[in-house]
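Structure, as C-alpha cells:
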Amino acid sequence: MSQQEGYSPSFKRPAEIMRMRRKRTRSDASVFSSPSGRGSTGSPGQSDSPRACVRPFSPGPLFNNQNRSGGGMKRRNPFANIENTFSPKKKCLIYNHDGNAEAADKMRTRTGEEGDEEVMSTKTYCHGGLPFSARLAEAEEQEHQDMSSKECLTFSEDDSLFEEEEEDVKSPLLKSSQAIAPASIAPPICTEYPADWSLKTRLLFTSPLTLSWAEHPKAQEEASGLSHHCRAQFSTLPHSLQDPSSCSELRAAFQQSLVYWQHPSLPWIPLFPRINAERSFTGRSTPWAQDRALQQSLMSEWSVSLSSLYSLLKARLCPYFYLCSHQFTVLFRAAGLGGSSSITAFISPTTRGLREAMKADGIEFSLPLVEERRKSREQQNLSMQQGEEEEQECPELKEGEESPAGDEGETDDEDGSFSWLKEMGVQDKIKKPDSITMQLRKEGSTVSLDHKPESVVCVEGPHTFTLINFLISSKGLVAAAGSQAGLPPTLLAPSAFRGATMHTLKARSVNVKSQVGSTYQNISSLEITGPILPSSLHTVTTLLRSAQKGNFSAALYSHTPTAVMNTHTTKQQCPGGSVDLSACGLHPASLQQLQQPSSLGKTALTHINMSNYSYMWKN
C-alpha cells in the first residue's frame, strides 16, 4: 500500500480535534440559517489541489450503504485501534417536501493553511430547502463520477474504520462444523421407552415439582377413576398442566391407572410375590392347610378363573395375565402383543422335572436364550472353519451342540469311552461306571440350567391351551408342605375376569430436601407398591409427563423371575397393529407400546429418566 500524503498510520486524536468539534457546534446555527454555506458546492473529490485524494479527517456521522455517494467498497484501516479512535455516531437527515426523511453525506471543506476544518451540515427543511437540496444532489453526482474515475476510496467518518468489526461481532461466521458449539445441537427426543414385560414390586418417582396431587383423592375422583377403568374409558389430558392439584381429571386418571384384578384374594395375606415368600406367610392364619375339602374348593374356583382368563385372552378381550406360583411365574400374552402373531406363554424359572412333565403331556416348547447362545456358537464355528486347524477341531465342537440345551447331550458311546482300556488289557481291573452314573453325567448340563434365567421356556400357538390344562391338572403347582401348602397360585390381570377381585396399588407421596452441590433442593417423591403390571407402569409415566411438565425420574424394582420375559419368541414376528386389540381395555398409547417387540432381552428396566419430554433409561 503506497503512502499517501497526509496519511498517518499512528494516528492519534489530538486535543485540537475536540476544540474544532466545539467550534463546529457553535457555528451550526449560523450555517443552517444561511441559504448557502461556505464550500457547500464543493466536494472532496472535486478539489483541484494535490491533496484531493488524501483521506480527510471527518468526525461526521456514518450513513447507510444505500445512501453512500461514493459507491465503492469500504476499506478498514489496519493500523487503527479502537482504543485510539472513537466517536459517537450521528445521523443527518434531509426532510423533503413529502415529509420523508433520508440520510445524506456531510459536505466537508478543508480551508486554511493551518489545517482548520469546518464541517457544514446540510440539514434543510421543507419550507425553504429546495434549492439547497438540488445543489446537494448535483454535488453527490459529481462526487460519484470523480470517485469512479480516480478509483480512490474516501471515508465519510472515522467510525467507518470499525464498522466492519462491529458487523463481525453481530453476525459471527462458523467456518466449520467443529466451530458449532455442542450446546447449539439439540439432542434427539425420545418419546417412548421399550416395553418391559417384567412385574414390578415397587416404583419410586422423583421430581422437582410437587407430586402431592397423587395422594388423597376425593370420593368423586376415586369413583370416576374406578368407573372409567371398568368401562375402558380414558380422558385426554393436555400436554402440560399448570396446576395438577386442581385438575380432577388427572387425579381420576391416576386412580384408574392403579387398578388391577387378582384371584384368589385374602385380605390378611399378601399373595404377591409367591416365590421365596415364606416370611409373608409366617404367623398368618391358614385354615386350608389341614382341611382337604377347603383346598379342593379353592382349587376348583381357581380353575374356573384360569379358564375364564384364557377365554378372554383368546377373544382379545384381555391383553395378558400372570400366573404366580411358589416355584415359577407364567406370562400369557394375546396374539399381536410383543410382535408375535399368536398367543405366547413364558415360564420362568423352570426345572428339568417341569420340562420333562411338559414333554410327556405333548407340549412343545423352546428355550429362547439357550437357542440364541447355540446360534452364536455355530456362527463362531463357521468362522473357525476357514483355517486347517479349525477344520480339524470342527467335529469336536459340533458334538457339544446337538442337544436343545447346548451342553446337555454328549455323543460319546460307553464302549468307545473305554476302548483304550481294552487295548491295554486292563478293562477288568478298573471299575466301570454304571449306566445311572453315565446318564447323570450326560444330563449334568441340563440340570445346571434349573432356576437360572436361561431356563425360561416359551410356548406358542395352540400349545398354550394344552399348557392351561397341564397347569390345572398338575399336582406340583400347589405346595404340598410349608406355609403355602394348599394355596392355589395368584392370578393377576389388567382387566376383569370371573372370580377376580379389584385391587389398587398403594401410592404415597413425600417431600424431601436433597443436597445438590453446596445447596439443598426440594424434591418430591412418589412411591407405588404392589404387583405393578406393564400397562400400569406406562399409564403412570404418561400421566407424570403432563403433570410434571416432562421432568421426572423413576427407580424400578422388578420381580427377579420375570426379568427374562422380555426375550423374543422363536417364531416370525408380526408388524405392530396387524391384530385388532382395541377391545382389550388398555389405553391406546400403552397398547401401542406393548405391541412392539421388546429390545431388553433377558434384562429389565431399572431406571427411567425424563428430561424436557425426552426419555432415557437403564436396564
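The values are calculated or read from the model by the stated rules, or taken from the named source; none is laboratory data. Please read all numbers here as calculations on a predicted model, not as lab measurements. Positions of Cβ are backbone-derived with ideal geometry, glycine not excepted, and every protein chain shown enters the neighbour counts. Keep in mind that these areas ignore ligands, DNA and RNA; they rest on the heavy atoms of the full protein, side chains included. Shrake-Rupley method; radii C 1.70, N 1.55, O 1.52, S 1.80 Å.
The residues neighbouring Ser611, those whose beta-carbon lies less than 12 Å from its own, together hold a net charge of +2 under the Lys/Arg +1, Asp/Glu -1 convention.
Amide H contacts of Ala195 (H built 1.01 Å from N, in plane; Pro and chain starts excluded): Ser599 sit under 5 Å, all sequence-distant by 5 or more or on other chains. A cut-off of 5 Å between modelled amide H atoms, ignoring neighbours fewer than 5 places along the same chain, links Ser558 with Thr201. How much of the accessible area of region 290-364, probe 1.4 Å, is carbon plus sulfur, in whole percent? Its accessible area is 47 percent carbon and sulfur atoms.
Average accessible surface for region 471-619: 44 Å² per residue, computed with a 1.4 Å probe over protein heavy atoms with every protein chain in place. Solvent-accessible surface of region 259-377, averaged per residue with a 1.4 angstrom probe and all protein chains in place: 43 square angstrom.
Annotation: Met384 carries an accessible surface of approximately 70 Å², with a 1.4 Å probe and no ligand, DNA or RNA atoms counted.
Take the residue pairs Lys218/Lys513; Lys218/Lys618; Lys452/Lys513 and return only those whose Cα atoms are more than 30 Å apart. Going by Cα-Cα distance, Lys218/Lys618; Lys452/Lys513 fall outside the 30 Å limit. Projecting the Cα atoms of Phe234, Leu323, Ser257 onto the dipole axis of region 226-328, where Lys and Arg carry +1 and Asp and Glu carry -1 at the beta carbon, places Leu323 farthest toward the positive end.
Overall, the accessible surface of region 235-278 at a probe of 1.4 angstrom is composed of carbon and sulfur to the extent of 53 percent. Here's how it looks for Thr329: its modeled amide H is under 5 Å from those of Ser348, which are all 5 or more places away or on a different chain. Here the accessible area of region 476-614 is 52 percent carbon and sulfur, with a 1.4 angstrom probe and all protein chains present. Backbone phi angles across region 322-338, fed through the Karplus curve with coefficients 6.51, -1.76 and 1.60 (θ = phi - 60°), yield HN-Hα couplings of 10, 10, 10, 9, 6, 10, 8, 10, 10, 10, 9, 10, 6, 5, x, 9, x Hz in residue order; Gly and Pro are listed as x. For region 563-568, 3J(HN,Hα) computed residue by residue from phi via the Karplus equation (6.51, -1.76, 1.60; θ = phi - 60°) reads 5, 7, 7, 8, 5, 7 Hz, glycine and proline entered as x.
Accessible surface for Arg22 stands near 130 Å², nearest 10, in the context of the full protein assembly shown (1.4 Å probe).
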